[in-house]
1. Please return the longest stretch of the chain lacking exposed loop sites, where GluC sites (Glu not before Pro) count only if DSSP places them in a loop and at most 10 other Cβ atoms lie within 10 Å.
2. Restricting things to alpha carbons, tell me how big the chain is in terms of Rg and Dmax, in Å.
3. Taking the Cα centre of the range 1-71 as origin and charging only Cβ (+1 Lys, Arg; -1 Asp, Glu), how large is the dipole, in debye to the nearest 20?
4. Enumerate by residue number the trypsin sites (Lys or Arg not before Pro) in the range 36-83 meeting two conditions: DSSP loop (anything except H, G, I, E, B), and at most 15 other Cβ atoms within 10 Å of the site's Cβ.
5. Connecting C-alpha atoms closer than 10 Å in a GNM of the chain, tell me which of 51, 81, 62 has the biggest fluctuation.
6. Looking only at chymotrypsin sites (Phe, Trp or Tyr not before Pro) in DSSP loops with at most 15 other Cβ atoms within 10 Å, what is the longest site-free stretch of the chain?
7. In the chain, how many lysine pairs have Cα atoms under 12 Å apart, counting only pairs 8 or more places apart or on different chains?
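Since every read-out is calculated from the coordinates, none of them should be taken as a lab result. Worth saying up front: this structure is predicted, and the values here are computed from it rather than measured. Here the Cβ positions follow ideal geometry from the backbone for every residue, glycine too, while neighbour counts run over all protein chains shown.
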Amino acid sequence: MAHSYWKPKQLRITRGESSIRHYSDCDTQSGNTIIRSFCSNCGASLFVKAAKGDFIIAQASAIEGHQNWTPKKEVFGENRATWLKEIAFTSKKKAKL
Ligand SMILES: [Zn+2]
């Protein structure tokens, strides 16, 4: 699954904002609480935000123009599907969500 990292001021919701719901998830690898956002109509996961963080992780497919991006970093590579190849510049650093 592809995600992208943003500062809150970089994101603008262009449609469907009234359908977005949020919940707190404290069952994370780091023990830090994150806020997960999803579409209440179809259940699609949209955003993740650290409760004490200053960035938002968005599902790439939720961002206009994502088809033209190239990956710059991989996190949770240990969870990569076996049929996917490792990205050449893969960081071995573990995510801390
Ligand atoms: Zn939806």
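1. 1-63
2. Calculated on Cα positions, Rg and Dmax stand at 14.2, 40 Å.
3. Working: 8 positive and 5 negative charges, 40 e Å.
That gives a dipole near 200 debye.
4. Taking the range 36-83 and a limit of 15 other Cβ atoms within 10 Å, the loop trypsin sites (Lys or Arg not before Pro) found are 52, 72, 73, 80.
5. Maximum among the listed residues: 81.
6. Counting only loop sites that pass the neighbour cut-off, the longest clear stretch is 1-54.
7. 5
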